[in-house]
Amino acid sequence: MSRLLTRVLLDRFVSALIVLSVMLAAIPVLVLLLFVLIKGLPGMLAPGFFTSPPHPVGVPGGGVFNAIIGTLEIVGIGSLLAVPFGTLVGIFLSEYGRNRIGDTVRFVSDVLTGLPSIAFGIFGYTVLVATLHHFSAVSASVALAVLMLPVVLRATETALVLVPQSMREAGLALGAPRWRVTIEVIVPAALGGIVTGALLAMARAAGETAPLLFTALGNDFTQVDPLQPMGALALTVFKNALLPYSDLQDQAWAAALLLVLMVAVTNILARVYVRRIQR
Amino acid sequence: MRRGTAAERVIPAPLVASSRQRRLLAGDRIFQGLALASAILILLIAAIFMVALFLPALPAIRRFGLGFFVTRTWDPVRQIFGALPALYGTLVTSAIGIVIAFPIGLGAALFLAEEARLGFLRGPLSFAVELLAGIPSVVIGLWAFFILTPLMRDNVDPFLRQTLGFLPLFQGTANGYGYLTAGVVLAIMVLPIMVALSRDVIRAVPRALREASLALGATKAETIWSVILPYARVGITGAVLLSLGRALGETIAVTMVIGNRPVIAASLFSSGYTLPSVLANEFTEAVGPLYQGSLFYLGLVLVLITIAVNVLARVLVWRFSGSEPASL
């Protein structure tokens, strides 16, 4: 009987361990978000945070307008490069990719997914910064575009493969050529998945810092020319955090909160969109 | 035009294409060509990617060769560069990260896949883990820099020195920046991957095996230990390797807490360096082809290691579940 008791006690003990690990997994998230919210909110509500570029050290006020513009522009150009291209590759994989080329592309895309984000920065640096001899926002966009590509193309492929074969056959049976069936039937049917993939890729790109360090470089002035160095929210967080000025550190927290909010909103948009499409 | 039989007049010969049909076929060919071209272009980009990592590293590869990996000096002033401190730091911090994240991640995954009690926690936990996966690494770095570092310095490190101080791992002074703090940060960052992948692997264990074990009178814990975990072992190994791949390459958050000193120390409290943090820290100020080349060399090593780990992981997960692992 005591043997049974030990077994039952052991079972309870394991259950307790499992619940403990659940708490240990969930607590860092809550603590992290709580800190970002508490420490970031005052700075975010300060006047000029959204509308003014940074002031010199010691001059009160100042905001992150330059970085907001920079993040939007860098990620925007990156998305313009990555989303159409990635979608087309996704179409290739799903519609024409049951062969060796398709398998190679899938493998290469998986390898790209696993690469450290700083590698994309090196790529942007060698391909565009070293050749043009100066740092530029567009080199950051290209680096982020390559980072986004695998996400976009695998999401597109997954969404397209899920479209029932009968829809393809129905389109072809009506006499439509394959390319029109693909563009006018298959892609619209899979649009939810494609858009979600694109939004998730954008959210990931917006949060990246390492690829920007030696491409966009950062800029304390508001810059919209993509051929010039440009600020970005992630760079503001990284650089201000390491500076020994408390007002700039507060700004880092506020910029971090804004970044988290932007990423969260993009994620939520993606989900809402999927739900609306599915309904 | 020859007048054919009645049947031939009703059924048009399919192989004789009208100009309209030819146009349609041309459209198909153009579209397929375009899709194929884009697929080949991405292969080309990947090739350029590798060349862009390799070529600028050449000066350093020529100068230092394989000795790069066993040289302990990283001295820009004397122009002597060795990867050993960064390599050591990368391996140590990643190992700490995995050691912490593995039991917690596996426990959380078991909860999500197996535990019937406390089911109301399942939704919030999944949500929290997904949320964690979406938080930018610079934000985690910011939090670690201001909140975690003092906590480690004032509470965790002294406690470890008191209880485990007889080990060389937990000796020496601690200022909060170093291997251990970086390892804890990495544990937080790889947790989402560990949980999500292990959960999928555990869910793929056939239901019949579980039920057979329970029907024989085994408790839940015994079922987990002697049926589920052995079956899922290969897949869980894959999940650990994918997490490791992520930990090895994590840049920003580690750079903010590792202390950035090219040293090798046995104590986990000591400051150090990792491959990506050397790059993040010194790249923009590196002058001269040898200094820059050495940084590119580090980057190349990092990329080759992560590719090897990832490919191995994917092969394992793929062999286990028979399907591709979700891209993370």
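Side notes on the structure shown:
- Residue count for region A:226-242, restricted to those that are touching a residue at least 12 places away in the same chain (Cβ under 8 Å) and either away from chain B (no Cβ under 11 Å) or in contact with a Phe, Trp or Tyr (Cβ under 7 Å, 6 or more places away or on another chain) (or both): 6
- Considering only residues in region A:27-56 that are under 23 Å from B:Val129 (Cα atoms) and surrounded by 20 or more Cβ atoms within 10 Å (Cβ to Cβ), the one that is farthest from the other protein chains (Cβ to nearest Cβ) turns out to be A:Gly40.
- Looking only at region B:157-175, and only at residues there that are without any contact (Cβ under 8 Å) to a residue 40 or more places away in the chain and assigned to a loop (DSSP other than H, G, I, E, B), the one that is surrounded by the fewest Cβ atoms within 10 Å (Cβ to Cβ): B:Phe166
- Within region A:1-51, tally of residues that are touching a Ser or Thr at 6+ places or on another chain (Cβ under 9 Å) and either of a type in the set (Ser, Thr, Tyr) or more than 22 Å from B:Leu106 (Cβ to Cβ) (or both): 1
- Restricting A:Ala210, A:Ala190, A:Ala216, A:Ala198 to residues that are touching a residue at least 24 places away in the same chain (Cβ under 8 Å), surrounded by 22 or more Cβ atoms within 10 Å (Cβ to Cβ) and touching a strand residue (DSSP E or B) at 6+ places or on another chain (Cβ under 7 Å) narrows the list to A:Ala216.
- Of all residues in region A:81-94, those being surrounded by fewer than 23 Cβ atoms within 10 Å (Cβ to Cβ) and either facing chain B (nearest Cβ under 7 Å) or free of Cβ contacts under 8 Å to residues at least 60 places away in the same chain (or both) number 3.
- Filter pass, B:Ile140 being more than 9 Å from chain A (Cβ to nearest Cβ), β-branched (Val, Ile, Thr) and touching a residue at least 40 places away in the same chain (Cβ under 8 Å): no
- Number of residues in region A:211-251 that are closer than 12 Å to A:Ser141 by Cα and among the β-branched types (Val, Ile, Thr): the value is 1.
Let's see how each residue does on (1) over 28 Å from B:Ser126 (Cα atoms); (2) at pLDDT below 95:
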{"residue": "A:Leu20", "(1), (2)": "no, yes"}
{"residue": "A:Leu30", "(1), (2)": "no, yes"}
{"residue": "A:Phe35", "(1), (2)": "no, no"}
{"residue": "A:Gly63", "(1), (2)": "yes, yes"}
{"residue": "A:Glu73", "(1), (2)": "yes, no"}
{"residue": "A:Gly78", "(1), (2)": "yes, no"}
{"residue": "A:Leu81", "(1), (2)": "yes, no"}
{"residue": "A:Val89", "(1), (2)": "yes, no"}
{"residue": "A:Asp110", "(1), (2)": "no, yes"}
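- The helices (runs of 4 or more DSSP H) found entirely in region A:97-162 that carry 1 or more residues being of a type in the set (Phe, Trp, Tyr) and surrounded by fewer than 21 Cβ atoms within 10 Å (Cβ to Cβ) are A:100-114.
- Entry remark, region A:170-179: residues being assigned to a helix (DSSP H, G or I) and surrounded by fewer than 18 Cβ atoms within 10 Å (Cβ to Cβ) number 3 in total.
- Every residue from region A:129-165 that is among the β-branched types (Val, Ile, Thr) and in contact with a helix residue (DSSP H, G or I) (Cβ under 9 Å, 6 or more places away or on another chain): A:Val129, A:Val138, A:Val142, A:Val146, A:Val151, A:Val152, A:Thr156, A:Thr158, A:Val161, A:Val163
- Hey, A:Leu248 within 10 Å of chain B (Cβ to nearest Cβ) and either surrounded by fewer than 20 Cβ atoms within 10 Å (Cβ to Cβ) or touching a residue at least 12 places away in the same chain (Cβ under 8 Å) (or both) or not: no
- The conditions of being surrounded by fewer than 24 Cβ atoms within 10 Å (Cβ to Cβ) and more than 11 Å from chain B (Cβ to nearest Cβ) are met by A:Ser166.
- Within region A:187-205, not a single residue is in a loop (DSSP other than H, G, I, E, B) and at the interface with chain B (Cβ under 10 Å from one of its Cβ atoms).
- Region A:28-61, residues that are farther than 28 Å from B:Val190 by Cα, in contact (Cβ under 8 Å) with a residue 40 or more places away in the chain and touching a Leu at 6+ places or on another chain (Cβ under 9 Å): A:Gly43, A:Met44, A:Phe49, A:Pro54, A:Val57
- Qualifying positions in region B:106-137 - in contact (Cβ under 8 Å) with a residue 60 or more places away in the chain and either more than 7 Å from every other protein chain (Cβ to nearest Cβ) or more than 24 Å from B:Leu229 (Cα to Cα) (or both): B:Leu106, B:Ala109, B:Leu112, B:Ala113, B:Glu114, B:Glu130, B:Leu132, B:Ala133, B:Ser137
- Failed condition for B:Val184, given (1) within 14 Å of chain A (Cβ to nearest Cβ); (2) part of a loop (DSSP other than H, G, I, E, B): (2)
- Restricting attention to region B:240-293, the residues that are closer than 30 Å to B:Val205 by Cβ and in contact with a Lys or Arg (Cβ under 9 Å, 6 or more places away or on another chain) add up to 2.
- Qualifying residue in region B:53-63 (condition: away from every other protein chain (no Cβ under 14 Å) and exposed (fewer than 13 other Cβ atoms within 10 Å of the Cβ)): yes
- Counting only helices (runs of 4 or more DSSP H) wholly contained in region B:192-298, the ones carrying 3 or more residues that are touching a residue at least 60 places away in the same chain (Cβ under 8 Å) and within 14 Å of another protein chain (Cβ to nearest Cβ) occupy B:229-249, B:252-257, B:275-282.
- Cβ-Cβ distances below 6 Å connect the following pairs, each with a first residue in region A:160-183 that is over 18 Å from B:Arg29 (Cβ atoms), a second residue that is among the hydroxyl-bearing types (Ser, Thr, Tyr) and part of a helix (DSSP H, G or I), and a separation of six or more residues or different chains: A:Leu160/A:Ser94; A:Val161/A:Ser94.
The values are calculated or read from the model by the stated rules, or taken from the named source; none is laboratory data. Just so it is clear, the structure is predicted and the values come from calculations on it, not from any experiment. Note: ideal-geometry Cβ built from the backbone for every residue, glycine included; neighbour counts use all protein chains shown.
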